[in-house]
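The values are calculated or read from the model by the stated rules, or taken from the named source; none is laboratory data. Quick caveat: nothing in here was measured; it's all calculated off a predicted structure. Neighbour counts run over all protein chains shown; Cβ positions are idealised from the backbone, glycine included.
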Amino acid sequence: MSSDPGLELISALRSDLQIEPEWSVPLTRGFQWWPGHLSQSIWSDPVRQVGSHRFARVHIESDFLRDVEASEKTLTLTSFANRLTTVSSVVFHRPASSIRLHASLCVSENNLQEVLKLASTVLPMQAADASAKSVMAEVFGGTPDHTPHAKKGLREQGHGALAMLQVLAEQNQEPPFAADI
């Protein structure tokens, strides 16, 4: 029986995806890492108990765009973008004037292995998706949220996770929808 399925999932993800310690920093109940120019954070809410079941919600969030104006256009574009999502929602963070991709998964001691398989796909897919969709910066009126690692700076050679959607990014040079929405 696992004492904290959320933290167990996060530990297994780090190991399975071979996330380099030099490109990550610890967070409370998780970590932030730089698979490329955009950072990604993975964290777990505290364990909850319902009856005899212990579970935690694990969040995967990729930086995407910054300097995005809080406007009706931004909310309309975010709403439209969410109609086209796969596993990660497009979330506007008003205080930070940023847009991030966000997914969450519930994990328990009963489904840890199955959720690990899913999360091992979601994490790199989201990181690659955020990188590939940087063409949307112009549409939203923001800039790609390239954030340097505190000690290592900007990552020039991306992690293998980014190769997942590289072909799609090379084929799709235009924003997926019109800038005049």
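A few remarks follow.
- Taken residue by residue, the stretch 41-50 has no member that is β-branched (Val, Ile, Thr), under 20 Å from Glu109 (Cβ atoms), within 15 Å of the chain's Cα centre (by Cα) and part of a helix (DSSP H, G or I).
Matching residues to (1) closer than 19 Å to Ser24 by Cα; (2) at pLDDT below 80; (3) outside any strand (DSSP E or B); (4) not hydroxyl-bearing (Ser, Thr, Tyr):
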{"residue": "Thr78", "(1), (2), (3), (4)": "no, no, yes, no"}
{"residue": "Val87", "(1), (2), (3), (4)": "no, no, yes, yes"}
{"residue": "Val107", "(1), (2), (3), (4)": "no, no, no, yes"}
{"residue": "Val135", "(1), (2), (3), (4)": "no, yes, yes, yes"}
{"residue": "Thr147", "(1), (2), (3), (4)": "yes, no, yes, no"}
{"residue": "Gln157", "(1), (2), (3), (4)": "yes, yes, yes, yes"}
{"residue": "Glu174", "(1), (2), (3), (4)": "no, yes, yes, yes"}
{"residue": "Phe177", "(1), (2), (3), (4)": "no, yes, yes, yes"}
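- Boolean, Val122 is under 14 Å from the mean Cα position of the chain (by Cα) and at pLDDT 90 or above: yes
- Here Ala81, Ala96, Ala103 are screened, and the one residue that is small (Gly, Ala, Ser) and more than 16 Å from Asp129 (Cα to Cα) is Ala96.
- Flag not set for Thr74, criterion: part of a loop (DSSP other than H, G, I, E, B) and either in contact with an Asp or Glu (Cβ under 8 Å, 6 or more places away or on another chain) or not aromatic (Phe, Trp, Tyr) (or both).
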